[in-house]
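Asker: Supplied in structure tokens, the structure appears directly below.
The values are calculated or read from the model by the stated rules, or taken from the named source; none is laboratory data. Remember, predicted model here, so these are calculated numbers, not experimental data. Backbone-built Cβ (ideal geometry, glycine too); neighbour counts: all protein chains shown.
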Amino acid sequence: MDVANLVAFLVSDEASWITGVNFTIDGGMTIKMIYMDPDVIGGSIGTLVQDPEVGELIMRVLLSGRDKVQELKRVLKTLTQQ
């Protein structure tokens, strides 16, 4: 049904200005494929702040089983007080 609705729209006058566009109809699977990889996040943060130790700390927080948001806030607050 989603494909049929898109086709109906594209052949209508309302789509007369649409050219060269890719439409993804996958039931939301594309957005679900975005994975949070703690190693990538920690490395990226370490690079951004030019301090691999900060990235390592954040990576450890993300890998912990605790409430990650609260723990990350605590770590960041500790870092800003140093």
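Asker: Take the conditions aliphatic (A, V, I, L, M), within 30 Å of residue 6 (Cα to Cα), in a loop (DSSP other than H, G, I, E, B) and modelled with pLDDT of 80 or more and apply them to residue 34. Does it pass?
Answerer: Spelling it out, it is not the case that residue 34 is aliphatic (A, V, I, L, M), within 30 Å of residue 6 (Cα to Cα), in a loop (DSSP other than H, G, I, E, B) and modelled with pLDDT of 80 or more.
Asker: Another question about this same structure. Would you check which residues across the stretch 11-31 are assigned to a loop (DSSP other than H, G, I, E, B) and among the polar types (S, T, N, Q) and list them?
Answerer: Answer for the stretch 11-31, where residues must be assigned to a loop (DSSP other than H, G, I, E, B) and among the polar types (S, T, N, Q): 12, 16, 19, 22, 24.
Asker: Same structure again: What are the pairs with Cβ atoms under 8 angstrom where one residue, in the stretch 40-69, is within 18 Å of residue 80 (Cβ to Cβ) and the other, located anywhere, is polar (S, T, N, Q) and loosely packed, with under 15 Cβ neighbours inside 10 Å? Sequence gap at least six, or different chains.
Answerer: Filtered contacts from the stretch 40-69: 55/44; 55/47.
Asker: Test residue 57 against the stated conditions and say whether it is at pLDDT below 80, among the hydrophobic types (A, V, I, L, M, F, W, C) and surrounded by 11 or more Cβ atoms within 10 Å (Cβ to Cβ).
Answerer: It is false that residue 57 is at pLDDT below 80, among the hydrophobic types (A, V, I, L, M, F, W, C) and surrounded by 11 or more Cβ atoms within 10 Å (Cβ to Cβ).
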